[in-house]
Amino acid sequence: MSRPVAVWVLLVYGLAGVISCAPPPRVTGSEEATGRPSTESSVDALFAPPSPETIPGDLRGEQIRLGYEMVVNTQVYGKLYVGNALNCTNCHLDGGLNPNAASFVGISALYPQYRERAGRQMTLADRINECFERSLNGKPLPPDSVKLTGIVAYIKWLSKNMPAGSTVPWRGIPRLTSTHQPDSINGKKVFEKKCVFCHGSDGQGTMAAPPVWGPRSYNIGAGMARVSVAAAFIKANMPRGWGWTVTDEEALDAAAYINTQPRPDFPDKIHDWPKGGKPADAPY
């Protein structure tokens, strides 16, 4: 068994049982994406990523494998289109297989969809390029790029077991419902206590984890630049391997501290939410 396939096997079978029957509310694209059909079934799908052994041995299989590499090794395979030190898997943890970290499983079935931030209907490829421009502070992949085609193929393959019309209860990140007012001063203390080992005392990352602010991190147009999104991600997943060990208040405070630090601008932000609906915690 090759190393990439072995990694997939461990991830798939290690994560498939994580979703409960009554998932918590999620921070999802639904805050930016509206207009989904009202006839959608209320039946929740099971979190059941396909086995790596089901990847076909043809051109499509090569596309899926390339897509996987683009997600987990973006700095190598997508370096011409990346403007910081992040990989896709830094947010879409475990190659998009982690149900608490914006998993890719089942997501292709939701596209095309209307995105409120863009003010238009978007394809899955459009959404991927949004991530390249915002979270990766880079530039979009050409529409005919084999690398973009590969990422789309990988996400579609991860979604192959989704029944038609089912919902995706693990979509996005588990939402925090706390009414706590984020405190960046206390957030600095939380960061120093629980985050510096991996992200560094200066937030510029280490071999264990990526930068969380500064020129090598996500720009202000990224979803993670919103305190509510970053806090939800921190709560569910951080410290890495110890998700759900920080309190809601700690997560909100740490997110506020991280997102008050300097980071790259996003010049095209002037075009966001052209029809209104901008979230209160958008940083611009």
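The values are calculated or read from the model by the stated rules, or taken from the named source; none is laboratory data. Note that this is a predicted model, so its numbers are computed, not measured. Cβ atoms come from the backbone with ideal geometry, glycine included; neighbour counts cover every protein chain shown. For the accessible areas, the whole protein counts, side chains as well, though only heavy atoms, and no ligand, DNA or RNA atoms are used. Shrake-Rupley method; radii C 1.70, N 1.55, O 1.52, S 1.80 Å.
In this entry, PHE191 is excluded by the filter for residues that are of a type in the set (Phe, Trp, Tyr) and either free of Cβ contacts under 8 Å to residues at least 12 places away in the same chain or surrounded by fewer than 19 Cβ atoms within 10 Å (Cβ to Cβ) (or both). Condition check for ASP265 on (1) in a loop (DSSP other than H, G, I, E, B); (2) crowded, with 17+ Cβ neighbours inside 10 Å: one failure, at (2). Checked against (1) at pLDDT below 95; (2) of a type outside the set (D, E, K, R); (3) crowded, with 16+ Cβ neighbours inside 10 Å; (4) more than 18 Å from the chain's Cα centre (by Cα), GLY165 passes all but a single condition, namely (3). Consider the range 135-157 and keep the residues that are open to solvent by less than 20 Å² (accessible area, probe 1.4 Å) and under 16 Å from the mean Cα position of the chain (by Cα). The one that is farthest from GLY276 (Cα to Cα) is TYR154. Exactly one residue out of ALA232, ALA222 is closer than 17 Å to ASN100 by Cβ, modelled with pLDDT of 95 or more and buried (at least 16 other Cβ atoms within 10 Å of the Cβ): that is ALA232. Evaluated against (1) part of a helix (DSSP H, G or I); (2) more than 22 Å from GLY61 (Cα to Cα); (3) touching a residue at least 24 places away in the same chain (Cβ under 8 Å), ASN137 falls short on exactly one condition, (1). Whenever a residue of the range 250-276 is on the phi > 0 side of the Ramachandran plot, its partners that are modelled with pLDDT of 95 or more and open to solvent by 30 Å² or more (accessible area, probe 1.4 Å), lying with C-beta atoms within less than 7 angstrom and at least six residues away or across chains, give the pairs TRP273/GLU116. Can you confirm whether ALA109 is at pLDDT below 95 and open to solvent by 20 Å² or more (accessible area, probe 1.4 Å)? Judged against the criteria, ALA109 is a match. Residue under question is GLY243, and the condition is that it be of a type outside the set (Phe, Trp, Tyr), part of a loop (DSSP other than H, G, I, E, B) and modelled with pLDDT under 95; does it hold? Judged against the criteria, GLY243 is a match. In this structure, VAL76 does not satisfy being of a type in the set (A, V, I, L, M, F, W, C) and either open to solvent by less than 10 Å² (accessible area, probe 1.4 Å) or touching a residue at least 24 places away in the same chain (Cβ under 8 Å) (or both).
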